[in-house]
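The next block holds one structure in the form of structure tokens; read it before the comments.
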Amino acid sequence: MNHQTFSLQPFLTDDSLPHLKITGNISHHSNHLDINYQLTGDLEEVVIPTPVDTPTRQHKLWENTCFEFFIGVKNSQHYWEFNLSPAGHWNIYRFDNYRQGMQEETAFAELPFSVQHQSDSLLLSLKFNLAKIILENQAIDVAITTVIKQQNGYVTYWALAHTGAEADFHLRESFVIEL
């Protein structure tokens, strides 16, 4: 079993950022992926979508607060983008290469995950089987990211690594976790 903890960093750090911390862990075993995010700090400054009773697949979740991760098969240009809204909405996109061939990944009809919103923290947990898109013995590279929208409309981009001149979660060099 591969298990790693993580701590995300904002793309740009300045005084306008709220005091936030994004940490978590990820594990991969027998083609099952478990990922847990914990957002702590001044959550009153963050736009956190209200949970819904019936989450659905939705586009452009990254325009609001959204937890994301990217998975690529090692030594392949193909990768997937997973978007998880604190409201419960979700989506998965498949790419042929860097930002090319974007298609909704239809192998999944749902992506159930749990969200716990407390006064000083937001926890998001996802456990699922990758078998519909990745063979069990394939090594994967992962990028863990988050988009935070503040109450003032300012958006910050958080990742394990920012390898470009601009915030760009799709850069394969940012897929720094090997599982």
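The residues of the chain have, on average, 50 Å² of accessible surface per residue, using a 1.4 Å probe with all protein chains present. Distances longer than 19 Å among the Cα atoms of the stretch 97-179: what percent of all pairs is that? Result for the distance tail: 59 percent. Placing pseudo-labels 7 Å out from each Cα toward the beta carbon at K132 and R94 gives an inter-label distance of 1.1 nm.
Among 65-76, 80-91, how do they line up by average Cβ neighbours within 10 Å per residue, starting with the highest? Don't skip to the end; give the middle numbers.
Values: 65-76: 19.3, 80-91: 22.2.
Highest to lowest by the protection proxy: 80-91, 65-76.
Quotient of the Cα radius of gyration of the chain and 2.2 N^0.38 Å, N being its number of residues: 0.98. Once C-alpha pairs closer than 8 Å and six or more residues apart are averaged by separation and normalised to the residue number of the stretch 11-86, the relative contact order reads 22 percent. Computed over protein heavy atoms with a 1.4 Å probe, the carbon and sulfur contribution to the accessible area of the chain reaches 46%.
The values are calculated or read from the model by the stated rules, or taken from the named source; none is laboratory data. The structure displayed is predicted, hence computed values, not measured ones. A quick note on method: Cβ atoms are made from the backbone with ideal geometry, for glycine too, and the neighbour counts reach across all protein chains shown. Heavy atoms of the whole protein, side chains included, go into the accessibility calculation; ligands, DNA and RNA do not. Shrake-Rupley method; radii C 1.70, N 1.55, O 1.52, S 1.80 Å.
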